[in-house]
Amino acid sequence: MSQSLLINPTALESGIEAAFLARAGISEASRDAFARFAQTGLPNRRVEGWRWSDFSAGGRAPDAANDGVATADHVLFAEADFVRIEIKGGAIETPAEEINGLALSVEPAASLPQAFDSHPLAALNAAFTDHVLVLRVAPGAKLEKPIHIRHAFAGDEPQATRVHIDIGEGATATIIETYQGYGAFYSALGSANIDAKATLTRYVLNDTHSRSIIHGAFQADLHQEAHLGGVSLSTGAALARHETTLDCVRGAASCDIKSAALVDGVRHSDFTSLVRFAGPDCETRQTHKGVARDKGRNVFQGKFLVERPAQKTDAQMRADALLLSDMADANHKPELEIYADDVECAHGSACGALDEDALFYMRQRGLDLGEARALLIAAFVGDVIDDIEDEAVQVAFRQIIDAWLGQS
């Protein structure tokens, strides 16, 4: 590999390849994965599904706006009684104590099937990850403490990690993933198997430096009567994309997924999702709220794919955006692809500015313009976070929102 495998590489791609070649003891599997990545390179705007998130361009030029309150050294939930797993620069640190009902291990990447087989960034992730963090929740276990997976990164070298979660039949677990720090390119690939009548609640909080390029992808299989719920919040980065792919592989599986983005400066946030329904009687509720000011860009792409056996599917999707300046941008693409004939599926999307009548009403009652605007924005985003059951998680989400509003 002395000659570049990439065709006309961009500066970011050249840096990624140089970092890969500089690694010691590159395995044959890693070389093969990088070769697969090199066939396409980083996704660009000419690829459907990536036209608003051009990774080959490396994001837009950063500015001084909101460099993030959650640096690599600052530990979110430091006072909370959580099980904490640290992933620093790709190195995984698991707690020494045993947790009843939970088995933690770091296993060779080859021991688990690769998620997102055809995904170019999954191939790149596989090239950089030799090991996988594996969390196994025993059947019937009800984990009392949330598990906090902290992605902390710094420096100009590309970094990657992979996590797999196995929720046994009838078990219940809460996973929190936070992204903190500055990194030229950070890739996190996650997968989960949620067995029959099991429940996984997943929270994601992205608050990184404005120069970071972040890609997170999560795929889960939901079996009979399994449930996945969760909330994601992002303040964006030079380019931040969080993908979710959910496969309702058995009947009566259900999902309730919510996301919110608060972007300013030239920050970019992309929430992209695909929910596939393969069994009958499944239910999904999906909500997204995006707020952008300055030249911030909010992207939402959501798709429901209902296969023929998935009769009586009930799936509802809603994506709304607030634009607080003339240069702010919101790109929404909700989709339905339905092959079953007995379903209730719908999607909706709206984009607009703050309600001037509501602002006037609030100012008439003593609030100044900044306070009124902040209150309306907080209420708009509140639809996403109000139902977070864990108090520490909700407080952390509100702190990020309040910090962003405080910069108005």
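The values are calculated or read from the model by the stated rules, or taken from the named source; none is laboratory data. Just so you know, these numbers come straight off a predicted model, no measurement behind them. All Cβ positions, glycine included, derive from the backbone under ideal geometry; neighbour counts span all protein chains shown. Note: accessible area is taken over every heavy atom of the protein model, side chains too, but ligands, DNA and RNA are not part of it. Shrake-Rupley method; radii C 1.70, N 1.55, O 1.52, S 1.80 Å.
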Among beta bridges that DSSP assigns inside the chain, antiparallel share in %, nearest 5
10
Taking the Cα centre of the chain as the origin and placing charges on Cβ (Lys, Arg +1; Asp, Glu -1), which of Ala188, Ala379, Ser325 is farthest toward the positive end of the dipole?
Ser325
For a test of the definition: using alpha carbon positions, the gyration tensor, and the 1.5 limit on a/c, classify the chain as rounded, prolate or oblate.
rounded
Take Tyr361 and Leu112, extend 7 Å from each Cα along the Cα→Cβ direction, and tell me the distance between the two endpoints in nm.
4.9
For segment 126-166, accessible area per residue (1.4 Å probe, heavy atoms of protein chains only), Å²:
36
To the nearest Å, what is the center-to-center distance of segment 114-161 and segment 394-408, using C-alpha atoms only?
27
What is the gain in length, in nm to one decimal, between Arg46 and Ala96 on full extension, counting 0.36 nm per residue of separation less the C-alpha to C-alpha distance?
13.3 nm
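Could you give the size of the charge dipole of the chain about its Cα centre, using +1 on the Cβ of each K and R and -1 on the Cβ of each D and E, expressed in debye and rounded to the nearest 20? Don't skip to the answer; put the middle values down first.
Values: 36 positive and 58 negative charges, 170 e Å.
That gives the chain a dipole magnitude of about 820 debye.
Return the calculated 222 nm mean residue ellipticity for the chain, to the nearest 500 deg cm²/dmol, obtained by summing -39500 (n - 2.57) across DSSP H runs with n ≥ 4 and dividing by the residue count. It would help to have the intermediate numbers written out before the result.
Values: 6 runs with 74 residues, N = 408.
Here the helix-only value at 222 nm equals -5500 deg cm²/dmol.
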Alpha carbon centre of segment 197-270 versus segment 1-56: separation in Å?
24
Heads up, segment 359-408 by the C-alpha gyration tensor (a ≥ b ≥ c square roots of eigenvalues; a/c under 1.5 rounded, else a/b over b/c prolate, else oblate) looks prolate
Longest DSSP-loop-exposure-free segment, trypsin sites (Lys or Arg not before Pro), the chain, at most 10 other Cβ within 10 Å:
47-364
For segment 389-396, take each phi angle, set θ = phi - 60°, evaluate the Karplus expression 6.51 cos²θ - 1.76 cosθ + 1.60, and give the result in whole Hz per residue in order, putting x for glycine and proline.
7, 6, 4, 4, 5, 4, 4, 4
Note on segment 149-250: contact order normalised by length, alpha-carbon pairs under 8 Å, 6 or more apart, percent, works out to 27
The chain, accessible surface, carbon-and-sulfur percent (1.4 angstrom probe)
48
Per residue, how much accessible surface does segment 297-408 expose to a 1.4 Å probe? Answer in Å², no decimals.
54
In percent, what relative contact order does the chain have, based on Cα pairs under 8 Å that are 6 or more apart in sequence?
11
Using a Gaussian network model of the chain with C-alpha springs under 10 Å, which one of Ala192, Ala310, Ala29 is most mobile by mean-square fluctuation?
Ala29
Between Ala340 and Ala35, how many nm apart are label points set 7 Å from Cα along the C-beta direction?
4.2
